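Data block below; observations after.
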């Protein structure tokens, strides 16, 4: 099973290395890891995606909580949350294919961020499913290069009862 963890850590040098070392030292695989500063510059949020059963998730959470730089660990897998990725794709864009690539970009709300004589660089954000579907369509034109961030996620606010 795929689990999404949101981990708040102190924004200090070496924290990322300690977290990655914790996983590798115990034989856990990180599917995706995204890190960035929060609204508080002394705190970073890590969005970590791991695959495994509930016992692996429990072990990972316990180990993360033991790290001195960890502030809080949240398993947001089952909670209502917004999860998005960013992808940049350099795709072969010969003259005959440019209109179709542009149309597909519009449908998926992707942006063409660079144009050259023979290639486009497109930017797309969204759910993993949306991003994967767009990548699959771009394969037919010939993907030259691709970079994918992995997800970032925030839990939704609880709805107030009237």
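A few notes on this one:
- Taking region 50-60 as the range and being surrounded by fewer than 18 Cβ atoms within 10 Å (Cβ to Cβ) and within 12 Å of residue 3 (Cα to Cα) as the test, the residues that pass are 51, 52, 53, 54, 55, 56, 58.
- One residue from 47, 42 being closer than 22 Å to residue 155 by Cα, more than 19 Å from the chain's Cα centre (by Cα) and either surrounded by 12 or more Cβ atoms within 10 Å (Cβ to Cβ) or in contact (Cβ under 8 Å) with a residue 12 or more places away in the chain (or both): 42
- Condition broken by residue 37, with the remaining ones in (1) in contact (Cβ under 8 Å) with a residue 24 or more places away in the chain; (2) under 22 Å from residue 149 (Cβ atoms); (3) surrounded by 12 or more Cβ atoms within 10 Å (Cβ to Cβ); (4) under 22 Å from the mean Cα position of the chain (by Cα) satisfied: (3)
- Qualifying strands (runs of 3 or more DSSP E) (wholly inside region 67-162; at least 2 residues being assigned by TED's automatic domain parsing to the domain that holds residue 42 and over 16 Å from the mean Cα position of the chain (by Cα)): 70-75
- Only residues that are farther than 15 Å from residue 81 by Cβ and surrounded by fewer than 16 Cβ atoms within 10 Å (Cβ to Cβ) were counted across region 1-17, and they come to 7.
- Residues that are on the phi > 0 side of the Ramachandran plot and in a strand (DSSP E or B), drawn from region 12-38: none
The values are calculated or read from the model by the stated rules, or taken from the named source; none is laboratory data. Quantities reported herein were computed from a predicted structural model and do not represent experimental measurements. Every residue, glycine among them, receives a Cβ derived from its backbone with ideal geometry; neighbour counts consider all protein chains shown.
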